[in-house]
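So the structure is just underneath, and the comments pick up after that.
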Amino acid sequence: QLQACGGGLVQAGGSLRLSCATSGRTFRGYHVGWFRQAPGRGREFVAGIMWSTRRTFYADLLKGRFTISRDNAKDTVYLQMDNRKPEDTAVYYCAAGSMIQSERRNRDAYKYWGQGTLVTVSS
């Protein structure tokens, strides 16, 4: 299971860190990704990490403002969000799956999903 938390209200320019705690099974051989869904829009990929290698990958248009990392001891994946913009307002989801490298930004490749956490960025 995946449990996302850490959302809330933040002013534009501020920072926020989301957490995705894993439990019930090990995801250490999986890709873990963060996705987001803004009102009226589809769910888009934000960032991902291969747990075993710590190799990270990002959406091209969002790279530079998000940082993904993982803590083995806590079985948790983090998404650091810096320099927030109002258009970052969305429900953020974490997900996990086993996939080939070319599919790692594809939401359909992720089998396990947590509930979302709402991030609201005020201008």
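The table that follows gives values for the structure above.
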item: Total residues in region 2-35, condition open to solvent by 70 Å² or more (accessible area, probe 1.4 Å), more than 24 Å from Lys85 (Cα to Cα) and touching a strand residue (DSSP E or B) at 6+ places or on another chain (Cβ under 7 Å); result: 1
item: Entirely in region 1-95, the strands (runs of 3 or more DSSP E) that have 1 or more residues that are in contact with a helix residue (DSSP H, G or I) (Cβ under 8 Å, 6 or more places away or on another chain) and either of a type outside the set (Asp, Glu) or over 16 Å from Tyr112 (Cβ atoms) (or both); result: 31-37, 43-50, 76-81
item: Test: residue in region 46-67 that is in contact (Cβ under 8 Å) with a residue 60 or more places away in the chain and surrounded by fewer than 18 Cβ atoms within 10 Å (Cβ to Cβ); result: no
item: Among (1) surrounded by 13 or more Cβ atoms within 10 Å (Cβ to Cβ); (2) not in a loop (DSSP other than H, G, I, E, B); (3) not aliphatic (A, V, I, L, M), the one test that Asp108 misses; result: (1)
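The values are calculated or read from the model by the stated rules, or taken from the named source; none is laboratory data. None of the values given here were measured: they were computed from a predicted structure. Note that each Cβ is placed from the backbone with ideal geometry, even for glycine, and that neighbours are counted across all protein chains shown. These area figures cover heavy atoms from the full protein model, side chains too; ligands, DNA and RNA do not enter into them. Shrake-Rupley method; radii C 1.70, N 1.55, O 1.52, S 1.80 Å.
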